[in-house]
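Heads up, the thing below is written out as structure tokens.
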Amino acid sequence: MPNFWLREYDEKGKGCLPAMIFGQLRRDIRVIFERDPAAKSILEVIFCYPGFHAVLFHRLAHWLYKRNFVILPRMISQFSRFLTGIEIHPGATIGQGFFIDHGSGVVIGETAEVGDNVTLYQGVTLGGTGKEKGKRHPTIGNNVVIGAGAKILGSFKVGDNVKIGAGSVVNKSVPSDTTVVGIPGKIVLHHGVPIKKPDLRHDDLPDPVNEMLRCLMQRVEFLEKRLKEEESRYNVFEIIQHHDPAERGVQASRERESCDVCLRSDDV
């Protein structure tokens, strides 16, 4: 891969629109090579990556949207959706290093905000709830990985360095440096240690249901062990024989008849 295609544009060219555009293209292409081992060449990325196309269309639509155009940005967004299967509202704010892998079915709402170095897989929704105006979509921090089919719904913040498991539904704020899985999303890991670049192993996540069942089985085994220890210390027949039925005003024979105690063979 030729390095000159991917090097940062010169600081002197920052004021030049063509230099800014090509600099942005180089950064978007570089991100794909960094995070997708299937990428083989620049031409492949330019012509065959729908996520790359969707980001390009969105940057143009967002530029027009910020300048109070209404119809044209939406037309660009719909054309992008037709070509790529990815719907990004022109009003959504997308940071640097944004990568959509595969991309089919991705939806990003109007007031969504996405930080830097964020990776989305197919079927992800950054959606809103209700019909209220104003901010109604999530804010995604930096270095976030969102697995396939995950739904982040509502106006809240997802912190930096977060991994959200495939198929999860998140409807409340998520602190930084955590891993979230399940429906609704549960925090299952909270390292508290920042990472420098995105961790794309969104398949290597803990199973909270399996973990809970394992803890319950351990608890049952512990209680069974304690019960056996207590049974070995006491003789059930001695407890019944030394019990004084007169204190309760009933006949001993009736109490024995009504006593529904099941003894095992090893207790005798």
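Table for the structure above
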| quantity | calculated |
| --- | --- |
| Accessible surface of His137 - all protein chains present, 1.4 Å probe, nearest 10 Å² | 20 Å² |
| Amide H within-cut-off set for Lys186, under 5 Å, with H built and near neighbours excluded | Val181 |
| Across Lys40/Lys186; Lys40/Lys163; Lys186/Lys228; Lys66/Lys186; Lys40/Lys157, pairs whose alpha-carbon gap is larger than 29 Å | Lys40/Lys186; Lys186/Lys228; Lys66/Lys186; Lys40/Lys157 |
| Spin-label model distance (nm) - Ser232 vs Lys135, 7 Å beyond Cα toward Cβ | 6.2 nm |
| Charge sum, other residues only, whose C-beta stays under 13 Å from Leu126's C-beta, Lys/Arg counted +1 and Asp/Glu -1 | +1 |
| Relative intensity, log₁₀ I(q)/I(0), of the stretch 17-194 from a Debye sum that treats every alpha carbon as a point, q = 0.19 Å⁻¹ | -1.31 |
| Nearest-10 value in Å² for the accessible area of Val70, using the 1.4 Å probe | 100 Å² |
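The values are calculated or read from the model by the stated rules, or taken from the named source; none is laboratory data. On a predicted model such as this, the values are computed, not experimentally measured, just so you know. Glycine also receives a Cβ, built like all others from the backbone with ideal geometry; neighbour counts cover every protein chain displayed. With ligands, DNA and RNA removed, areas are computed over all heavy atoms of the protein, side chains included. Shrake-Rupley method; radii C 1.70, N 1.55, O 1.52, S 1.80 Å.
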